[in-house]
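Down below is the structure, laid out as structure tokens.
The values are calculated or read from the model by the stated rules, or taken from the named source; none is laboratory data. The structure presented is a predicted model; accordingly, all values stated were derived computationally and were not measured. Note that each Cβ is placed from the backbone with ideal geometry, even for glycine, and that neighbours are counted across all protein chains shown.
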Amino acid sequence: MRSVHVFVLCALLSAVFCNNSVGPEDCCFKHYSRKLSPNLFKSYDVTDNRCPIMGVILLTKKNNRICANPSHSWVNRIMRILDEAVL
């Protein structure tokens, strides 16, 4: 009976420690496929390298978030335009 209590205690503690792990806050799980105009966006953020797929989170002027593939030329163009606007 004592081993059952120890097992249950270990299981509960492992669940608590797993929920407190530090990981990326924003990840992309699917990329938006259509080409978009740079005029729609006000900023972007590159996802963390711990995310399942690399992505760029584009923030629209209406505060919508769109995940895009950073290897696409239209995404790189948007990022470049936004970077130049900050300078």
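If I ask for residues that are surrounded by 12 or more Cβ atoms within 10 Å (Cβ to Cβ) and in a loop (DSSP other than H, G, I, E, B), which ones from segment 30-66 would you list?
If the condition is that a residue be surrounded by 12 or more Cβ atoms within 10 Å (Cβ to Cβ) and in a loop (DSSP other than H, G, I, E, B), then HIS31, TYR32, LYS35, LEU36, THR47, ASP48, CYS51, MET54, GLY55 are the ones that fit.
Return the residue satisfying two criteria in turn: it lies in segment 6-45 and is small (Gly, Ala, Ser) and modelled with pLDDT under 50, and of such residues it is farthest from LEU82 (Cα to Cα).
ALA11
Failed condition for MET54, given (1) in contact with a His (Cβ under 9 Å, 6 or more places away or on another chain); (2) closer than 17 Å to GLU25 by Cα, with all others met?
Every listed condition holds for MET54 apart from (1).
From the set of residues in segment 69-85 that are without any contact (Cβ under 8 Å) to a residue 40 or more places away in the chain and among the aliphatic types (A, V, I, L, M), which is nearest to PHE29 (Cα to Cα)?
Going through the qualifying residues, I end up with VAL75.
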